[in-house]
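Please read the structure below before turning to the comments.
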Amino acid sequence: MPSILPINLEDLLACRGVESQRVEFKAGWDPKTTGPQVLRTICAFANDLQNLNGGYVVLGVAEQNGRAVFPPPGLTDEAVEAAQKWIRGQCNRLDPPYQPILSPETVADRRLLVVWAPGSETRPHRAPAGQDGSLRYWVRLGTETVDAERRGTLLPALMEQAARVPWDDRRAMDATVEDLREAKVREFLHDVGGGLLTEPDARVVYRHMQLTAPVNGHAAPRNVGLLFFSHDPLRWFRGAKIEVVQFTADRAGDVQEERTFSGALADQVRDCLGYLENLSTVHLQKQQDRSQVRGWVSYPLPALRETLVNAVYHRSYAAHQPEPTKVYLYPGRIEVISYPGPVPGIEAHHLAPDAATPPVPARNRRIGEFLKELGLAEGRHTGLPKVFRAMAANGSPLPRFRFDQQRTFFQATLPAHPEYEALSALRDAAHLRVLGASEEALHRLEAAWAVNPSAGVLAAELIREYGKRGEVQQSEAVLNTFTAKGPQGVLPHLRNVLANVLMDAGKEEKARQLLRKNSSLLFDQDAIDAAILARRLRDPRAAHRHFQRAGDAIDADPRALLEFAQTKLQLSGEAGRARREASRRQLLREARTLLERVLQLSASPTRHAWAWRELARTLRWLGAPARDVENAYREAIVLLPEETRFAQELQKLQERGRR
């Protein structure tokens, strides 16, 4: 028997696309103990206090800490039949009667029974409380089924919710079932892995997915069905589109581009996200002959995605809300505006980082459900925390959220990365230098720095620029200012830049002090930079420590690998002179491994030539056959014939071999 669930069974058991508080697992079936518990939970899901479109009870699956345990114990065929018969009969005793959807399933050759209890149009419902048969109103509170009458304000809240059918679940009386596009429905089922995909009758699929509802002997589409699965939802809902406007400056500036995204709701979200993601600049600080490892984006994609999807999810599409979802793009920020404001119960302080959001009912239970099943929306109350985390991880200012007292709109603002605007100053300065206007280029950088002293790319460029002019004190002043005002994570890089300036100015002791100050903060590319600087300062031990802190960042960087190997060779010589033979051979073996890695990577002929030369020396010191040493030298000579040292060293090696 094919599944009649709209959601993929594996996703349901793993609580993907559906929140864990909307799924309850029962390892077995017993009409005397499990039965009453299941009946009360069905009643609670049907009452749908949080407006999440009910939930699921899965019989035959044990749970631990709210998660399914695999493999499931399963049920016998007789238990599956008995459970279905009992549930159907007892659900007729609910007040008013309510019938969930029962779907026998098979997982790992084990029989299960999935009870899908969507939010009811005839809520509130009551179910027996105990042996005496008294009826009580049951609701879900997190992962628990509780008696609403014994929990203070829960019963009045339930009654208020029950007084109206959520907008997205209402029947669209001015549309017909033919306005739904079967191909789009089946595309959705394919994307989510829904068991209904094998059902040949489209109207049966619509009914089981609750896209239609009976009206006077015929079926009518629900609003959510038209939003997601019609060709043009704007025929019925004027606000069902996303408008994107890009400005050259603030609101007074010229409009650079306008775009409108319409069509089925999921399609317009995907298309708009693709457009915004293409606009988000990725900046990678490129170093000569280095891997691109240090970077940021103007707007982190997870934050963009969550902000747009939240706007589409939580807005109203009713006739009195004709305004589209709006996205305004400015040079330094993105604003996403939806209508109206948040539902009552959400206040401004709930929109702060790490704030707890109260369990208020959602505005659109079905819209949210479909977006979650498609993987576009996060679980309940997790979208905003993800935006905060993504912005912080990118080094961006925190997002801002606001709405007016009348709750007519909700605005989310994502500030650009602090260095995004600084890039335009760098481009201008580079252009001015090409024109020979070096003083103007410096003034452009200084003006941008005065406005944004926390921009690391500006600080690094100014340190270098002052260094080229011999104004080392000015370079040091830039670092001091940034230390007080900029993000601490950028300091190791800027200290390396200044150390390089100090070395070029002959102030090697100051450079050493700066690198020592930096040592405990170095990781990845910053550690590689510091190691190379330490080699220039003739401090192989410090260089070795820094290379070790670089971790995996070194593996794809041929220059760093070569210099790390050369450092090990230098230290092996010191170990040999100190008669520490075990240490000497260990360092030589490690150097050989690094050099062989360089030769496997794509690099310039010069880099490969020096790697072959160092490998030849390493092999000789390890006592390898003369043939292998000579072959390594020959490879180096072929790649870099103008380097006479290679041929001279090979000649001396051969002369010693003939003696």
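Being closer than 23 Å to residue 561 by Cβ and free of Cβ contacts under 8 Å to residues at least 24 places away in the same chain is a description that does not apply to residue 636.
Across the stretch 437-455, not a single residue is classified as at pLDDT 95 or above and either more than 19 Å from residue 488 (Cα to Cα) or β-branched (Val, Ile, Thr) (or both). Listed by position, the strands (runs of 3 or more DSSP E) inside the stretch 245-307 whose residues that are under 30 Å from residue 224 (Cα atoms) and at pLDDT 90 or above number at least 3 are 255-261. Taking (1) within 34 Å of the chain's Cα centre (by Cα); (2) of a type outside the set (Phe, Trp, Tyr); (3) modelled with pLDDT under 95; (4) closer than 17 Å to residue 107 by Cα in turn, residue 48 satisfies each apart from (4). Take the residues in the stretch 602-627 that are under 43 Å from the mean Cα position of the chain (by Cα) and surrounded by fewer than 16 Cβ atoms within 10 Å (Cβ to Cβ); name whichever of them is farthest from residue 641 (Cα to Cα). For the stretch 602-627, the residue satisfying everything is 602.
Among the residues of the stretch 143-155, none qualifies, meaning not one is closer than 23 Å to residue 313 by Cα, at pLDDT below 95, open to solvent by 40 Å² or more (accessible area, probe 1.4 Å) and acidic (Asp, Glu). Annotation note: Cβ proximity below 6 Å between a residue of the stretch 646-659 that is touching a residue at least 12 places away in the same chain (Cβ under 8 Å) and a residue that is basic (Lys, Arg) and open to solvent by less than 70 Å² (accessible area, probe 1.4 Å) (sequence gap 6+ or interchain) occurs for 646/613. Among residues of the stretch 319-345 being part of a loop (DSSP other than H, G, I, E, B) and at pLDDT 90 or above, the one that is farthest from the chain's Cα centre (by Cα) is 322.
Applying the criterion of being charged (D, E, K, R) and either out of contact with any strand residue (DSSP E or B) (no Cβ under 8 Å at 6 or more places or on another chain) or open to solvent by less than 20 Å² (accessible area, probe 1.4 Å) (or both) to the residues of the stretch 75-91, the residue that is nearest to residue 39 (Cα to Cα) is 85. A single entry from 538, 549, 577, 584 fulfils the requirement of being free of Cβ contacts under 8 Å to residues at least 60 places away in the same chain, open to solvent by 20 Å² or more (accessible area, probe 1.4 Å) and on the phi > 0 side of the Ramachandran plot: 538.
Per the listing 435, 462, 442, the residue uniquely without any contact (Cβ under 8 Å) to a residue 40 or more places away in the chain, over 27 Å from residue 353 (Cβ atoms) and within 35 Å of the chain's Cα centre (by Cα) is 462.
Considering only residues that are surrounded by fewer than 20 Cβ atoms within 10 Å (Cβ to Cβ), closer than 16 Å to residue 366 by Cβ and not aliphatic (A, V, I, L, M), which ones fall in the stretch 211-245? Correct list: 236 only.
Quick one: would you say residue 13 is closer than 19 Å to residue 111 by Cα, under 32 Å from the mean Cα position of the chain (by Cα), open to solvent by less than 20 Å² (accessible area, probe 1.4 Å) and of a type in the set (A, V, I, L, M, F, W, C)? Taking the combined requirement at face value, the residue satisfies it. Taking the stretch 92-114 as the range and being open to solvent by less than 60 Å² (accessible area, probe 1.4 Å) and in contact with a strand residue (DSSP E or B) (Cβ under 9 Å, 6 or more places away or on another chain) as the test, the residues that pass are 94, 96, 98, 100, 101, 102, 103, 104, 105, 112, 113, 114. Check the stretch 634-653 and report whether any residue there is open to solvent by less than 50 Å² (accessible area, probe 1.4 Å) and under 19 Å from residue 540 (Cα atoms). Within the stretch 634-653, not a single residue is open to solvent by less than 50 Å² (accessible area, probe 1.4 Å) and under 19 Å from residue 540 (Cα atoms).
The values are calculated or read from the model by the stated rules, or taken from the named source; none is laboratory data. Small disclaimer: the values here were computed from a predicted structure and weren't measured. So basically every Cβ, Gly included, is an ideal-geometry build from the backbone, and we count neighbours across all protein chains shown. Remember, those area values only see protein heavy atoms, side chains included, never the ligands or the DNA or RNA. Shrake-Rupley method; radii C 1.70, N 1.55, O 1.52, S 1.80 Å.
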